[in-house]
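Okay, so here's the structure we're looking at.
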Amino acid sequence: MLITETTRTIVYCTSLTVGIVGVIAAVRHLRRFSRKLPTAIVNAKRSLAHRVLWSLPIAGLPLGIAGFAWASSHNIEVLLVRDGHSQYGDRTFEHRFGRSPLELVVAKGNKESEPLFGRPCWTVNASSKPIRLVRIKYPTSYAHFVETESMTVLPGQRASDCYFDYYGPRFAPPDTLQSSLTLVSDFATWLTWDGAQ
């Protein structure tokens, strides 16, 4: 299941609030029963509605813990590529979060590996046509870029990596490093597809 960052944040905040209120209520409840007053007399003075409302935060404590654990399990960043119109052409991009393992086939030629730093990150092709993940290199500042690695991701497949310098055939990398205004390295990544599709 893929969720948005907003959903994850709302579940985090709600579960933390419910959990904190539950812990405070549980501590107060334990302190109250640790006193030497007869509990039958104390409980007799309270209405049933008051007793139910008093125990509600304590009952919500497991729900708060479960909600926090559920939101925490969605820690894999996913770049979802779909059909549609955007500034990049006939594909749209949406960042989501998923659980491990994602229930999608890994693209042929891609190795499922854990990153050295941070969490795993995947590009998922949810569009109806193939996309390509390309790594490029500029041999010299004035030479045209060359593709050092290229992988085709078919619809319904995923590939490790979700951070790219360039998107789509419209916004291809500059021909030379000298003509680039943004690149500081002679390497770049490019997510693209056939412009005729």
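Quick notes on this one:
- Contact map, region 144-158: first residue without any contact (Cβ under 8 Å) to a residue 12 or more places away in the chain, second residue buried (at least 16 other Cβ atoms within 10 Å of the Cβ) and part of a strand (DSSP E or B), Cβ cut-off under 8 Å, separation 6 or more or different chains; pairs are Val146/Ile136.
- Unmet criterion (only one of (1) at pLDDT 75 or above; (2) assigned to a loop (DSSP other than H, G, I, E, B)) for Leu181: (1)
- Candidate set: region 53-91, residues that are of a type in the set (Phe, Trp, Tyr) and out of contact with any Gly (no Cβ under 8 Å at 6 or more places or on another chain); chosen: the one surrounded by the fewest Cβ atoms within 10 Å (Cβ to Cβ): Trp54
- Search result, residues across region 127-167 that are within 15 Å of Tyr88 (Cβ to Cβ), modelled with pLDDT of 90 or more and part of a loop (DSSP other than H, G, I, E, B): Ser127, Lys129, Phe164
- Listed conditions (1) surrounded by 13 or more Cβ atoms within 10 Å (Cβ to Cβ); (2) out of contact with any Gly (no Cβ under 6 Å at 6 or more places or on another chain) are all met by Met151, apart from (2).
- When region 76-126 is filtered for residues that are assigned to a loop (DSSP other than H, G, I, E, B) and modelled with pLDDT of 90 or more, only Ala126 remains.
The values are calculated or read from the model by the stated rules, or taken from the named source; none is laboratory data. Note that this is a predicted model, so its numbers are computed, not measured. So basically every Cβ, Gly included, is an ideal-geometry build from the backbone, and we count neighbours across all protein chains shown.
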